[in-house]
Structure formats: structure tokens, C-alpha cells
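Notes follow the structure.
All of the numbers you see were taken from the coordinates with simple rules; none came from a lab. Because the structure is a prediction, the values reported are computed rather than measured. Quick reminder, even Gly has a Cβ in these numbers, built from the backbone with ideal geometry, and neighbours come from all protein chains shown.
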Amino acid sequence: MIQAAVAKRGPASLLALGSLSSQLQQWRGIRVKVLNNNLDQALALMQRKMQSSGIERMIRSEQTCHIKNSEKRVLAKKNLERKIRSQDLARKLKAILVQKVRGL
């Protein structure tokens, strides 16, 4: 389905689809199956999923509490990496579009 959407809209829609899928994941919430009545294992899995998806950070940001300096550094580093990655992608897409316009 995603490949069909990319084919129709082009490579620029990949960015929108990535953010859309993360928003959909947060809207749907996190689902964990409890196998063999093992709640401890299910809770541990849910905690790992919450940390990896960023929901835990969202919950913390809504609360009025102090953010440690080490956590601020980690968040700043991740934001910088995300910014650099998006700039590189934009540069590559621009080069591809310029080549298509020139007919090379």
C-alpha cells in the first residue's frame, strides 16, 4: 500500500508517510499480547515499546517536572541528527529533480 502511494505521489511523499505512520502508531496506542498469563513479561515489553516510540517522552513533557541535563543533551543530539538527515535528503531530492528538469 505504501509503495502504491509512493508511486502515485512521488518520492517527496515518503517524508509525509513516515510522519503519518508515527502519528497513526501514537493514535492507536501500544498493543501488547499477554502470553500464558505472563503479565510481567507483557509489562516489560510494553515499557520497551513506549520508550522506543517516544510516548514515554510525550507523557513526561506534559508533566511539569525537571528534565535532567543528560536527557536534554540526548534530545538535542537526536534533534540535530534528524535535522542533518532531513537536510541531506532534501539536497539529494533537489539534485534528482534538477537532473530530471535538465533531461540528463
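Structure notes:
- Per residue, the convex hull volume that the Cα atoms of region 38-104 enclose (Å³): 142
- Modelled spin-label separation between M46 and A90, with each label point placed 7 Å from Cα along the Cα-to-Cβ direction: 4.0 nm.
- Distance (nanometres) between label positions extended 7 Å along Cα→Cβ at I67 and R31: 3.2
- Virtual spin-label span in nm between S53 and V98, 7 Å along Cα→Cβ: 4.1
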